[in-house]
1. Condition first: among the β-branched types (V, I, T), over 18 Å from the mean Cα position of the chain (by Cα) and not in a strand (DSSP E or B). Now tell me which residues in the stretch 100-114 satisfy that.
2. Checking K237 against (1) within 26 Å of Y48 (Cα to Cα); (2) among the charged types (D, E, K, R); (3) touching an Asp or Glu at 6+ places or on another chain (Cβ under 8 Å): exactly one of these is not met. Which one?
3. Can you tell which of V101, V138 is in the same structural domain as A269 (by TED's automatic domain parsing) and closer than 17 Å to T273 by Cα?
4. If I ask for residues that are closer than 18 Å to A293 by Cβ and surrounded by fewer than 21 Cβ atoms within 10 Å (Cβ to Cβ), which ones from the stretch 249-283 would you list?
5. Can you find a residue that is in a strand (DSSP E or B), among the charged types (D, E, K, R) and farther than 29 Å from N267 by Cα anywhere in the stretch 194-201?
6. For residues in the stretch 206-248 being outside any helix (DSSP H, G or I), crowded, with 19+ Cβ neighbours inside 10 Å and of a type in the set (D, E, K, R), which is modelled with the lowest pLDDT?
7. Would you check if there is a residue in the stretch 304-315 being crowded, with 24+ Cβ neighbours inside 10 Å and among the β-branched types (V, I, T)?
8. Select from the stretch 155-194 the residues that are crowded, with 23+ Cβ neighbours inside 10 Å and among the polar types (S, T, N, Q) and write down the one among them that is modelled with the highest pLDDT.
Amino acid sequence: MKLGKKMIVLFVLVLFSITTFGQDTLSLTHVAGDLTVTMYDEGSIGTYTSGNGATPGITWKGENGLWFGGIIFGTSDKSSINGLVGSFNEISNGKLLTDIVKVKSNFGTGFTSDNNFNQISATTFNDSGADSPYGVEVIQKTYSHTSDQFVLISYGFINKSTTTALNNFYAGIFIDWDVLPGISTNVGGYDAATSLVYVTDQAANSKYFGIVGCNSIDGYSINSFNPPAGSNISTRKEIFKFISTKDTASVSTPADLRTFQGTKLGNIAAGDTSWVTFGVVAGDNLAGIKANATAAKAKAQSSGLIITSIKKEDVMPIHFYVDQNYPNPFNPTTKISFGLANKSNVDLRIYDMLGREVAVLINHKLLGAGTYNADFNAGNLASGSYIYTLKTNNHIISKKMLLLK
């Protein structure tokens, strides 16, 4: 349980900081403008495993708003979640929900970077620590830039089964917020326009903290849920309801609040991978956090972390190909079609004639065999020639296209 939560701990947050914990667990702290977010390579967000409020957490302008956060996921077949919920015990067996086991991590070498982000980390873990594992391996990638005011978290869920699909799969994040000054006087809300679940304190001038569903929010709840002693409530099943159903109940009553939110990924076939992206945001007020949520979703899409424009056709090609974009010339939208004879890791990027990357349509995503159409909107680009390059496991093809405005 939470002990001494009103103690204020001061931290010096160092860019590219690496901290080592038990069992070779490592952390990296993203510094994105006024926001800092500490991520762990075993799936915890802000605070290591059991939740004690005594690490850098999630801060906005130096103020920590977090007790504990972690990844959660499950299917409607089981109606039960696995993951990390380190704030309270599961009554059925009296232990914290700490199911995640690290497989591999690049945290030890610090952040990497690309053209969109100068702080990128990657780790892989699974849920083999659960009593009833889903059998998924999870790729966690985190992205931020020092000039932005948000941190993006992408999860790739690999169904390791060779025979069984994961049907109606939901991926989510649990956050136990502690927004000062009151903690037990926190209030919260949901903004449908930005898919933002947020918490603040009822006191004047309190900061706002929240999580954005960059793909969508298909379930959420803002509540003070805590399994009572002696109850027969199944914590895992109750939390699955939170991430799979939208809770429209009022959250204006002050309390020590937690947020649960989930995105439905649908069915993940045996051996396939499905991705989802969330954003961690904060602000001085509601308007400020909404603005940062909007910016987070926009960058997630422009940098290729959200595949909203890839459509699979019911045609099975006999060989790999990439068609000329159509129409060409175009203004400002065009379609790029390609075919995969076999399941492959696919990367599709747009470059200007100087070789500078201007857009990412598919960011190293595992796609099954089939025919695909990728829509490209060049509304923010100047007229001229551009190159699109598609890479798979065994092929690289580049073609030129012409934007005329």
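The values are calculated or read from the model by the stated rules, or taken from the named source; none is laboratory data. Quantities reported herein were computed from a predicted structural model and do not represent experimental measurements. Because the Cβ atoms are built from the backbone with ideal geometry, glycine has one as well, and the counts that use them run over all protein chains shown.
1. Within the stretch 100-114, T109 is the sole residue that qualifies.
2. Among (1) within 26 Å of Y48 (Cα to Cα); (2) among the charged types (D, E, K, R); (3) touching an Asp or Glu at 6+ places or on another chain (Cβ under 8 Å), the lone unmet condition for K237 is (3).
3. Details: V101 fails: closer than 17 Å to T273 by Cα.
Answer to the check: V138.
4. The answer is none; no residue qualifies.
5. Looking through the stretch 194-201, at least one residue is in a strand (DSSP E or B), among the charged types (D, E, K, R) and farther than 29 Å from N267 by Cα.
6. Once the filter is applied, the top-ranked residue is D218.
7. no
8. N186
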